[in-house]
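Since every read-out is calculated from the coordinates, none of them should be taken as a lab result. Keep in mind it's a predicted model, so treat the numbers as computed, not measured. Here the Cβ positions follow ideal geometry from the backbone for every residue, glycine too, while neighbour counts run over all protein chains shown.
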There are 2 protein chains.
Amino acid sequence: MSDSRDVLARVEREQAQYLEELKEYIRIPSISTDPDYKGEVLRCAGFLADKLRAAGLTVETIETEGHPLVYAEWLGAPGKPTVLFYGHYDVQPADPLEEWRNPPFEPTEEGDCLVARGTTDDKGQSYTHVKAVAAMLAERGRLPVNVKFLVEGEEESGGEAIEKFVRADAGRKLGCTSVVVSDTSMYQPGVPALTYGLKGLAYFEIRVYGPNRDLHSGVYGGGVTNPLNALCGIVASLRDEATGRVRIEGFYDDVRPLADWERKEFAALGFDEVEQRRDLEGAVRSGVVGYTYLERTWARPTCDLNGIFGGYMGKGAKTVLPAWAGCKVSFRLVADQTPAKIAELLRAHVEKVTPAGVRVEVDYLHGADAVTVDATGPEAEAALSALEDVWGVRGVRVRTGGAIPIVGTFAQVLQVPVLLLGFGLEDDRLHSPNEKFNISHYYNGIRTVVRLLDRMGG
Amino acid sequence: MSDSRDVLARVEREQAQYLEELKEYIRIPSISTDPDYKGEVLRCAGFLADKLRAAGLTVETIETEGHPLVYAEWLGAPGKPTVLFYGHYDVQPADPLEEWRNPPFEPTEEGDCLVARGTTDDKGQSYTHVKAVAAMLAERGRLPVNVKFLVEGEEESGGEAIEKFVRADAGRKLGCTSVVVSDTSMYQPGVPALTYGLKGLAYFEIRVYGPNRDLHSGVYGGGVTNPLNALCGIVASLRDEATGRVRIEGFYDDVRPLADWERKEFAALGFDEVEQRRDLEGAVRSGVVGYTYLERTWARPTCDLNGIFGGYMGKGAKTVLPAWAGCKVSFRLVADQTPAKIAELLRAHVEKVTPAGVRVEVDYLHGADAVTVDATGPEAEAALSALEDVWGVRGVRVRTGGAIPIVGTFAQVLQVPVLLLGFGLEDDRLHSPNEKFNISHYYNGIRTVVRLLDRMGG
């Protein structure tokens with residue numbers, strides 16, 4: 001097995017140039033949830049395809065009903081393992097814009113970090129795959145294993161296209177011996193992690209319709225059901241604020257309980273809740289009975305509002321009784337809950353608690369099954385060793401509250417180990433203003449992928 | 001007593017021109033709640049001052065800390081009564097803009113109506129005072145009574161300046177024998193009304209602050225208190241949605257009960273709740289025990305959200321756990337509740353129901369005491385007769401849920417009858433898109449004021 005010294009020396013030499021290339025990638029505002037950015041998402045797919053082609057791979061842009069998939073392959077190592085790299089080139093919207101210190105799509109170096117939308121989630125992380133493979137091919141003209149790339153542009157908006165594609169392909173074009181995903185976090189600074197459990201998601205928009213027009217709250221107040229009050233009542237009924245427990249009937253029926261070994265391993269990590277509380281200025285929920293902070297965020301289902309809107313939202317006062325109100329509410333699920341079942345339970349619950357005088361619509365926007373992958377086979381072992389090679393510390397096994405919808409599909413359709421090898425940190429402000437990525441983690445990520453491929457190549 | 005035939009003939013002749021003048025007035029977007037419109041509010045005051053001056057009155061623009069007051073007088077009838085006309089030249093914001101059929105500040109004739117912001121509330125209604133006085137002076141060179149005008153530019157944003165001015169003046173400049181206000185509604189089309197009860201108002205903004213930054217709902221969900229969920233819980237605790245009863249401790253302590261004669265007189269009006277329900281497409285609250293629709297909207301205190309906002313409000317989905325959320329909530333009060341006491345009770349309630357992990361701010365934006373005026377003296381009699389002269393139907397005595405903060409102050413400081421003589425209709429869409437005013441009501445309003453002054457002149 002190669003010690004990778006040749007390639008690592010090249011990475012060392014060329015890293016400034018790799019960073020510039022990442023910045024170019026980040027400057028493209030590939031916001032997949034907003035139809036106004038369709039052109040930018042397309043441009044971003046083109047950028048990635050060009051870079052993979054330039055690295056020496058055969059590239060194919062796969063059109064879909066939504067944003068295109070970028071597929072690439074290098075299959076010059078017959079008899080060797082085949083690694084499928086997955087990532088996403090789309091990003092979350094940047095708002096609230098006024099809270100960014102710099103324009104969200106102008107990557108800015110601040111100390112050790114690169115600040116911009118998509119630096120960690122997922123451009124910065126997944127571009128480590130591209131640069132590792134490019135560096136190996138540049139240095140040696142070949143790779144120790146076969147590689148395939150499948151990079152999507154809809155991860156932040158439901159991932160329908162890739163889901164359909166992977167299921168239809170059924171392992172033909174995508175046949176491989178393992179999948180590598182870099183869209184998760186390290187356990188903490190200096191402690192790399194292999195993630196084995198991802199939460200699922202069920203995301204809804206609820207709209208409450210009352211009178212057929214906005215009304216004067218003086219003239220009509222007390223006479224009609226106010227959609228804003230009704231919405232708040234419906235939302236408040238979803239969860240017991242004191243315990244955090246979801247109050248939808250049947251919500252916990254399919255929850256797979258935490259195994260004893262998991263609770264023990266989580267506890268052994270010595271998570272510092274006091275520090276977390278300090279970091280968030282006291283916002284950490286207290287008084288929840290029965291589960292630790294890590295258990296709640298990693299392995300218990302949740303219900304959170306993500307947005308709410310209705311009536312007058314400007315400065316000062318307006319005495320309006322609005323015709324409608326709406327909110328975005330999402331549930332993070334754990335195995336074996338399914339979005340379809342949760343949607344059904346939510347609709348039944350909402351119907352039960354809706355007051356007279358308003359009409360409610362519950363729209364299911366998107367979701368994903370929860371997934372738990374095996375973290376004990378030879379591929380996982382290679383990954384944990386590669387992490388140790390680069391970071392000097394053995395990786396730990398963790399779960400996360402985030403969803404990566406396609407991971408479950410990969411595991412189910414391709415029937416191979418999925419390695420969730422993340423280089424981000426929990427405080428990278430994913431989905432928030434001033435998202436960041438440690439620049440050294442970008443370089444170490446590239447090194448880790450180089451080591452992983454050399455270890456897998458034997 | 002003059003039968004007013006001379007002036008009414010002039011009104012008949014010149015009414016098209018009066019309408020054009022009203023349109024000019026309406027075209028000025030004098031939105032007092034939004035600082036961005038400060039210049040337009042000032043321009044509107046200037047327009048009104050010019051018109052009063054042109055009519056033959058002595059005009060003074062009174063600077064205040066907020067928007068100016070327009071004062072005017074004609075005192076050429078010594079020994080006769082003095083009528084003080086009150087109105088407001090400011091208007092509500094126009095949003096949601098997309099729901100207007102025409103630009104909100106471009107008055108458009110649709111059938112019998114003029115459609116634009118401020119047509120009824122209060123430009124169209126209060127301009128009847130100006131045109132009645134102008135027509136009388138033009139026709140006769142004199143008035144049957146002395147008149148004063150005090151028109152404010154902050155009615156929709158709290159009315160602080162006029163409140164201060166009236167109290168400081170203490171009846172010197174404003175000394176009069178009655179006050180006339182046209183900022184209420186007729187009971188129904190064809191049935192004019194004299195309003196004797198106005199609700200008070202206590203308007204608040206509540207903001208809930210959680211984590212010090214927006215967070216990823218996957219990474220942090222279940223771990224921190226979500227300000228959006230917390231806000232909905234707080235808001236839902238304010239009112240029992242099924243009964244409409246406010247659940248703040250002590251809220252009903254100072255409510256003056258409805259007198260038997262009021263309940264009887266309301267019942268005799270034969271309000272058609274079925275028709276109201278049809279008009280609003282079912283939004284009328286049902287199941288509230290103990291009070292009829294009219295009693296609830298006219299004479300019982302209420303709690304309504306007027307706006308709510310926080311997190312992601314755009315298209316599609318964003319899995320954010322926001323740092324803060326806010327809402328606008330107002331209480332309509334009845335005698336003898338006071339905004340100060342309600343603010344105190346609300347703050348105590350919110351403190352009690354705020355969950356751990358968030359911090360809440362309750363800002364009192366503005367308010368008004370509830371007021372009930374006497375509707376049985378000779379001035380009221382003159383008004384009811386003037387209404388009958390013009391509309392052919394005896395006016396009825398009603399209350400309203402709307403607040404006109406200054407009315408209570410007039411009654412208290414000037415110690416004279418306040419006549420609430422409204423020409424609007426309940427379906428005029430006050431504070432809503434496509435606000436309208438029946439053009440014939442504008443003309444009839446002018447005629448009513450002419451008749452009232454002639455009746456008062458004896």
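Please report, largest first and rounded to whole Å, the three semi-axes of the ellipsoid equivalent to chain B, where each semi-axis is the square root of five times an eigenvalue of the C-alpha gyration tensor. Walk me through the numbers on the way to the answer.
Values: eigenvalues 336, 117, 91 Å².
Semi-axis lengths for chain B are 41, 24, 21 Å.
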Exercise. Compute the label-point distances linking B:P78 to its equivalents in the other copies; points lie 7 Å from Cα along Cα→Cβ; give nm, one decimal, shortest first.
Key: 12.2
Exercise. Starting from region A:101-161, pick out the chymotrypsin sites (Phe, Trp or Tyr not before Pro) whose DSSP state is loop and whose Cβ has at most 16 other Cβ atoms within 10 Å.
Key: none
Exercise. Ignore the peptide's own chain and count Cβ atoms of other chains within 10 Å of each Cβ in A:126-136; give me the average, rounded.
Key: 0
Quiz item: What are the label-to-label distances in nm, one decimal and shortest first, from B:A9 to the same spot in the other copies, with labels 7 Å along Cα to Cβ?
Solution: 11.3
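Using only the alpha carbon atoms of region B:376-458, find the Kirkwood hydrodynamic radius as the inverse mean reciprocal pair distance, in angstroms to one decimal.
On the way: mean 1/r = 0.0699 Å⁻¹.
For region B:376-458, inverting the mean 1/r across all distinct Cα pairs yields 14.3 Å.
Quick check on region A:1-139: take the gyration tensor over C-alpha atoms, sort the square-rooted eigenvalues as a ≥ b ≥ c, and tell me if it's rounded (a/c under 1.5), prolate or oblate.
Working: a/c = 2.64, a/b = 1.35, b/c = 1.95.
Taking the square roots of the gyration eigenvalues as a ≥ b ≥ c, region A:1-139 is oblate.
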Quiz item: Placing a label point 7 Å from Cα toward Cβ, how far apart in nm is A:R53 from its equivalents in the other copies, listed shortest first to one decimal?
Solution: 7.3
Self-check item: chain B: relative contact order as a whole-number percent, Cα under 8 Å and 6+ apart
Solution: 27 percent
Exercise. Give the cross-link partners of A:K148 among the aspartates and glutamates, using a straight C-alpha distance below 15 Å as the criterion and excluding same-chain residues fewer than 8 apart.
Key: A:E60, A:E73, A:D169
Practice problem: Would you mind checking the radius of gyration and Dmax of region A:338-422 based on alpha-carbon positions, in Å? | Solution: 19.8, 64
Exercise. Among DSSP beta bridges whose residues both lie in region B:20-165, state the antiparallel percentage, nearest 5.
Key: 60 percent
Quiz item: What is the calculated FRET efficiency for B:R394 to B:K341, with r their C-beta to C-beta distance and R₀ = 25 Å, to the nearest 0.05?
Solution: 0.05
Quiz item: If the viscosity is 1.567 mPa s and the temperature 4 °C, what Stokes-Einstein diffusion coefficient in µm²/s follows for region A:266-421 when Rh is the Kirkwood radius over Cα pairs?
Solution: 66 µm²/s
Quiz item: Across the residues of B:428-434, average count of Cβ atoms on other protein chains within 10 Å?
Solution: 6
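Which loop-located GluC sites (Glu not before Pro) does region A:219-296 contain, where loop means any DSSP state but H, G, I, E or B and the Cβ has at most 12 other Cβ atoms within 10 Å?
Values: sites: A:E241, A:E249, A:E262, A:E265, A:E273, A:E275, A:E281, A:E295; in loops: A:E241, A:E249, A:E281.
Here the sparse-neighbourhood loop sites are A:E249.
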Quiz item: How well do other chains shield peptide B:230-240, expressed as the mean number of their Cβ atoms within 10 Å of each residue Cβ?
Solution: 6
Quiz item: If you check each cysteine of chain B for another cysteine whose beta-carbon is under 4.7 Å away, which ones come up empty?
Solution: B:C44, B:C113, B:C176, B:C303, B:C327
Practice problem: Take region A:177-231, compute every pairwise Cα distance, and split them into 5 Å bins from 0; I just need the percent in each bin. | Solution: 4, 12, 15, 11, 7, 6, 5, 6, 7, 9, 9, 7, 2, 0
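Do you know the relative contact order of region A:16-70, to the nearest whole percent, from alpha carbon pairs under 8 angstrom that are 6+ apart? Spell out each step's value before the answer.
Working: 49 pairs, mean separation 13.7, N = 55.
With pairs under 8 Å counted, the relative contact order is 25 percent.
Take the Cα atoms of the protein assembly as shown, build their convex hull, and give its volume per residue in Å³. Walk me through the numbers before you get to the answer.
Numbers: hull volume 150.1 nm³, N = 916.
Measuring per residue, one finds 164 Å³ for the Cα hull of the protein assembly as shown.
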Quiz prompt | Where labels lie 7 Å past Cα in the beta-carbon direction, separation of A:E275 and A:E139 in nm | solution = 3.3 nm
